[in-house]
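Every number here is computed from the coordinates shown, using simple stated rules; none is lab data. Just so you know, these numbers come straight off a predicted model, no measurement behind them. Cβ placement follows ideal geometry from the backbone for every residue including glycine, while neighbour counts extend to all protein chains displayed.
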Amino acid sequence: MAGPTDTLNQALGTWQLWDLPQPLQQAPHCGPPLAHGSAHIVYEIHTEPQAALQLVARVRQRATRTESESCAREIEIWSAASAAGCAPRLVYADAIGEVTVCHHANTLDKPATGLELGTLCQHIHALPPVDHSLDLKVEIAGYLETMAPDQRNAWQRVMQQCDVDASLRLLDQDEHYLCHNDLTAGNLMRSRDRLIAIDWEYAAMGSRYFDLAIAGQGLCPDERPELIRSVLGDELDLALMSAGQRAASLITALWQNRYEPAAAPNPHTWRGEALAR
């Protein structure tokens with residue numbers, strides 16, 4: 001069975017087709033890993049043993065989305081976002097989105113501010129619309145299906161007690177924009193002193209209130225009002241904000257239960273926190 005470096009080395013063989021302003025003069029090879037996430041490994045790309053390019057490769061190890069077409073859709077949106085300066089510039093993607101190569105970006109040397117993150121959200125929400133939406137019900141059902149029956153039943157009970165369906169209906173009725181839907185701290189980087197986003201797997205049309213609720217989880221509490229104000233101005237709808245926060249906290253909790261169980265809340269803890277908001 002091919003490992004991530006084997007998969008990457010196959011993709012590196014297409015180097016002469018990469019979309020670069022100045023084509024490479026020799027074949028690149030896989031450098032050391034830079035990051036290892038729940039679904040991807042990111043590698044440096046070298047042309048000589050010690051000559052790192054300003055390019056990185058992301059190798060997908062597993063999809064975290066329920067929908068089968070999410071990989072191709074991610075590449076479509078990532079390309080538009082990179083052209084608008086919201087994402088690292090994409091120079092190569094294989095046919096199934098398993099390997100992508102993009103320009104290097106810098107990790108955050110200090111946490112993003114609410115204004116910075118709000119500005120990035122505004123730029124993303126202004127991108128051209130696409131023909132698909134993030135179906136939160138489908139995502140929730142996908143996470144629940146992976147659970148043991150007793151755990152799944154416990155989550156379904158607390159979801160009913162918190163009337164999650166009402167929150168999802170309200171978000172679905174909201175005006176839809178193109179949203180990243182996963183602007184966590186780990187998905188934020190800098191390029192030329194500008195905040196940009198990586199990992200566009202969840203990007204789709206949806207409510208800005210869910211997008212902002214996910215983004216706000218990684219901010220210190222004092223910065224969250226500026227994030228909201230910079231995107232929504234005086235148009236804030238408190239019912240939608242509450243719905244977005246409830247849906248975002250549930251999606252995050254279910255994701256943690258699947259991929260980071262040590263950090264995940266149990267259903268009753270989540271219920272208490274959700275009802276306290």
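Structure summary
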item: Approximate spin-label separation THR14-ALA83, in nm, with each point projected 7 Å along Cα-to-Cβ; result: 1.9
item: Those trypsin sites (Lys or Arg not before Pro) in region 109-215 that DSSP places in a loop and that have at most 15 other beta carbons within 10 Å; result: ARG192
item: Relative packing of peptides 210-222, 106-118 - highest average C-beta neighbours within 10 Å first; result: 210-222, 106-118
item: Share, in percent, of DSSP beta bridges within the chain that are antiparallel, nearest 5; result: 95
item: Length added when fully stretched, ASP6-ALA141, from 0.36 nm per residue minus Cα-Cα; result: 45.3 nm
item: By average C-beta atoms within 10 angstrom, highest first, the peptides 75-86, 234-245; result: 75-86, 234-245
item: Expected-Rg normalisation [2.2 N^0.38 Å, Cα atoms] applied to the chain; result: 1.04
item: Loop-resident sites, region 60-132, for trypsin sites (Lys or Arg not before Pro), counting at most 13 other Cβ within 10 Å (DSSP); result: ARG62
item: At R0 = 51 Å, FRET efficiency that the Cβ-Cβ distance of ASP163 and GLN22 yields, to 0.05; result: 0.35
item: Axial C-alpha extent at least 27 Å, average Kyte-Doolittle at least -1.0 - helices from the chain (DSSP); result: 238-259
item: Highest-first arrangement of 123-132, 248-257, where packing means the average Cβ count within 10 Å; result: 248-257, 123-132
item: Helix-only [θ]222 nm of the chain, DSSP H runs n ≥ 4, -39500 (n - 2.57) each, per residue, nearest 500; result: -13000 deg cm²/dmol
item: Cα-based shape type of region 91-247, given that a ≥ b ≥ c are square roots of the gyration tensor eigenvalues and the cut on a/c is 1.5; result: oblate
item: Length gained when the stretch GLN173-ASP150 is fully extended (0.36 nm per residue, less Cα-Cα span); result: 5.1 nm
